[in-house]
Every structure is written in structure tokens, then in C-alpha cells.
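Comments concern the structure below.
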Amino acid sequence: MKIMFKYLSSLLVVLTISGCSTIYSRTTYQFETLESPFNIYYETGSEDIAKEIDGFVGDLLSEIEKAQYIKFKSPEDIKIYVFSEAERYSNYSMASIKTRGSATTNEIYISPIIRDRLGTLRSIVAHELSHIHIRQYVGTWDYINDIPEWFHEGLAVTVSGDGGAEKVSKLEASKYLSEGKHFIPRTKGGLLKHKTAHDYGLKPQMYYRQSSMFIRYLIHLDPNAFKRCYTALAEGDSFGSVWKLNYSKDLSELWVGFMSEIQA
């Protein structure tokens with residue numbers, strides 16, 4: 001019964017996120033396949049970006065595996081789609097038209113607005129690969145319902161070389177943190193209780209930067225403990241349970257230590 005509930009709930013998540021009309025509209029898209037050992041697809045007019053991604057994605061896969069401690073569960077399933085129009089990107093991915101990239105369990109979508117900041121292409125692809133890495137292990141259900149957004153966004157910014165948080169400096173984020181303008185590190189995700197930058201009165205890049213700073217603090221505090229936490233998540237442990245077990249402190253205590261360091 002529990003398995004059936006989880007299946008039905010997961011189906012509801014998919015339908016809620018994508019919608020039947022979007023599933024239908026995807027059939028109207030036509031992509032060219034890039035000649036590559038990787039699964040890279042592009043719309044007419046975006047082949048140059050697809051080729052650029054092809055030039056570095058192999059290295060990125062290795063870099064993410066090193067930074068996140070274990071191999072991708074199914075690297076052969078990863079697909080990258082490059083779009084020629086921002087609206088088409090948004091309709092297909094269900095991501096904001098303002099975003100440069102987004103991802104699901106096995107797919108990365110790249111918007112043409114990346115052309116305005118082409119120097120960030122590599123870090124944005126790395127950011128999305130970080131999401132895929134953990135999501136392949138835990139699945140869509142636990143990725144949404146167990147792991148809070150601050151963790152996977154902060155991790156993605158950290159391992160990608162600040163992808164997604166380039167416009168906010170650590171100094172600016174520290175000022176916000178000191179002034180009490182910051183997120184709260186929740187110990188659980190949730191479709192209905194989902195917390196985003198907006199819920200904390202923050203712009204996305206400030207939220208991402210603050211989250212990344214906390215991730216970096218946790219890694220610096222005890223690299224082996226953070227590695228154990230991540231691998232435990234990949235093996236199916238709940239997000240809320242791994243911190244006390246590996247750091248001998250719960251997440252709220254670790255946050256107090258982080259804030260003390262910020263305000264020192």
C-alpha cells in the first residue's frame with residue numbers, strides 16, 4: 001500500500017510539474033542530434049552551443065564525480081538539449097524563462113539566453129550535472145520531498161565554480177547573513193512545504209550564494225563527515241538523519257557555528 005501511495009504521489013508530482021498539455025507539446029519539438037559520444041541534441045540555430053558543450057562535458061562528468069565522491073549512477077542516460085528560443089526552452093523544461101539552464105533526473109536544458117553570458121556556459125552545465133548526480137541516486141520523490149532546496153542548490157553552486165551565483169559576492173552575502181536576511185536550513189524538502197528564495201525574501205542568486213557558503217563551511221569543518229553524509233544520502237538515508245550521525249551535531253547546531261563564524 002505504501003509503495004502504491006509513493007507511486008501515485010510521484011505520478012502527481014510529474015503531472016503537477018509538467019502538465020498534460022506540456023507532455024503533448026513536447027512531441028512538436030524537433031531536435032538535431034550532435035555527432036558526439038554524449039547525448040546532445042539541439043534546435044536549428046543552436047549547434048554552436050551544442051558543440052561547445054560537447055568539448056567540455058566529458059571533463060565535467062569526471063569533475064562532478066570527484067567533487068560528489070561517487071560515479072554517476074547512469075551516465076549513459078544523461079541527455080542535453082539546447083534551444084534556439086527562450087520561450088521554447090521554458091515551455092519544454094517548465095523552468096522560468098529567465099533561467100539559463102535547468103534539469104530533471106536525466107536531462108539538462110540550456111536556454112539561448114546563455115549567449116548573453118556565454119562565459120558561464122560551462123559552470124551552468126556543471127551546476128545542472130550536480131543536480132542530476134544526486135537525483136539519479138535518490139529518485140525524483142526523495143529529491144523533492146526529502147532533500148531541501150538549499151542543499152542541492154548550494155552544492156551545485158559549490159562544485160560548479162559558482163555557477164548560478166556569479167552576481168552575488170561572498171562579501172555581499174555575508175552582509176545579508178549578518179543583518180538577518182537569510183534562508184533557514186530546513187532538514188526536509190516537500191512538494192507542498194517547499195521553500196525557495198522567494199519564501200525568505202531573497203533573490204535567487206543571493207539564496208544560492210548563501211546556501212553555497214554554508215555547504216563550504218560544512219565541507220571545511222569536516223571533509224570526511226560531509227562525504228559520509230552525501231554518500232549516505234545516495235544510499236537512501238533520510239536527509240535529516242545524516243548530520244548528527246556524522247558530525248555529532250544536528251543541522252541547527254551546525255548552522256549556529258556557521259553564523260558565529262560569519263559574525264566574528
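Rule-based calculations on the coordinates, nothing more; no lab input. If you're wondering where the values come from, they're calculated on a predicted model, not measured in any experiment. Because the Cβ atoms are built from the backbone with ideal geometry, glycine has one as well, and the counts that use them run over all protein chains shown.
Observations
- Rough spin-label spacing in nm, given labels placed 7 Å along Cα→Cβ, for E179 and S84: 4.5
- Each peptide in 148-157, 77-86, 165-174 receives the mean, over its residues, of other Cβ atoms within 10 Å, and ordering these scores from highest gives 148-157, 77-86, 165-174.
- Taking the Cα atoms of the chain, the ratio Rg/Rh between the radius of gyration and the Kirkwood radius comes to 0.96.
- When only Cα pairs below 8 angstrom with a gap of at least 6 residues are kept, the chain shows a relative contact order of 15 percent.
- Within segment 25-138, percent of DSSP bridges classed antiparallel, to nearest 5: 40
- Distribution of pairwise C-alpha distances over segment 146-264, 10 Å bins, in %: 14, 48, 34, 4
- Estimated from the Cβ-Cβ distance and a Förster radius of 51 angstrom, the FRET efficiency linking E253 and T27 is about 0.50.
- Among R88, R209, the order by Cβ neighbours within 10 angstrom, fewest to most, reads R88, R209.
- C-alpha long axis of helix 2-18 to longest principal axis of the chain, angle in °: 60
- Label point distance in nm, L221-T140, each placed 7 Å from Cα along Cα→Cβ: 3.4
- The peptide list 134-146, 27-39, put in order of mean Cβ contacts within 10 Å with the highest first, becomes 134-146, 27-39.
- Dipole of the chain computed with +1 at Lys/Arg Cβ and -1 at Asp/Glu Cβ about the Cα centre; of W141, I80, I113, farthest Cα towards the positive end is W141.
- DSSP-defined antiparallel bridges as percent of all bridges, the chain, nearest 5: 40
- Greater than 30 Å apart at Cα, pairs in K66/K167; K71/K181; K51/K188; K98/K181: K71/K181; K51/K188
- With a Förster radius of 22 Å applied to the beta-carbon distance between S238 and K73, the computed FRET efficiency rounds to 0.70.
- Distance violations [Cα-Cα > 25 Å] among K195/K244; K170/K203; K73/K244: K73/K244
- D_trans [Stokes-Einstein, Kirkwood Rh over alpha-carbon pairs] for segment 25-138, 4 °C, 1.567 mPa s, µm² s⁻¹: 92
- Ranking of F183, F72, F239 by neighbouring Cβ atoms within 10 Å, starting from the fewest: F72, F239, F183.
- Taking label points 7 Å from Cα along the Cα-to-Cβ direction, S36 and M94 give a separation of 2.5 nm.
- Distances between placed amide hydrogens fall under 5 Å for K79 paired with E107, I108, all partners being 5 or more residues away or on another chain.
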